[in-house]
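What follows is a single structure, written as structure tokens, with notes after it.
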Amino acid sequence: MAQRRGLTRRAVLGVLGTAGVTAAAGVTLAPRAAGAQALGRNEPVEAALRRLFGGRAMQDGSALIKLGIPQIAENGASVPVSVEVDAPMTPESYVRHIYLVADKNRIPIVARATLTPDSGQAYVAANIRLGETGDVRAVVEQSDGTLLQVRRAVTVTVGGCGG
């Protein structure tokens, strides 16, 4: 009887099985650097702000920024916060980023929202984690590089980082 030279079902299944195990182990893809900016690092708040903004000065933004956050957070694991910026959202002048910073957290940069002129309104709302009582900041970066900030003191009754 003549021997068939084509692919057999057994050979195809073997190759597919090997490829699946290799892919699951992550061997087929070469490691590469992530494209996102590292926000959540375990570092002091001043080091985090210096890393993100360099030596740029932050101006008082209380005339333009409304930071909505409770003065007392009963559960630090989920604290509602909103930030609204009274600023134009035109291609020439707009809010580029809104950062939420918890000064006493081990990882102080807790959120960043990226906006464009197409966003229509400079507003974000989120639930954040607060490890302990301290200041929460909203830092607004405008399209021209100007930095504005507001701070609110928040008392945490039950810590959000296991406390």
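The values are calculated or read from the model by the stated rules, or taken from the named source; none is laboratory data. Bear in mind the structure is a predicted one, so any value in this text is a computation, not a measurement. Please note: Cβ atoms are built from the backbone with ideal geometry, for glycine as well, and neighbour counts cover all protein chains shown.
Observations
- Screening Phe53 with (1) under 20 Å from the mean Cα position of the chain (by Cα); (2) modelled with pLDDT under 90 gives one miss only, at (2).
- Selection status of Ala47, surrounded by fewer than 14 Cβ atoms within 10 Å (Cβ to Cβ), free of Cβ contacts under 8 Å to residues at least 40 places away in the same chain and at negative phi: yes
- Residue match in region 79-95 (condition: within 24 Å of Ala47 (Cα to Cα) and among the hydroxyl-bearing types (Ser, Thr, Tyr)): no
- Just one of the listed residues (Val140, Val124, Val95, Val136) is within 17 Å of Gly61 (Cα to Cα), in contact (Cβ under 8 Å) with a residue 40 or more places away in the chain and within 13 Å of the chain's Cα centre (by Cα), namely Val124.
- Checking the stated criteria, Ile72 turns out to be hydrophobic (A, V, I, L, M, F, W, C) and surrounded by fewer than 16 Cβ atoms within 10 Å (Cβ to Cβ).
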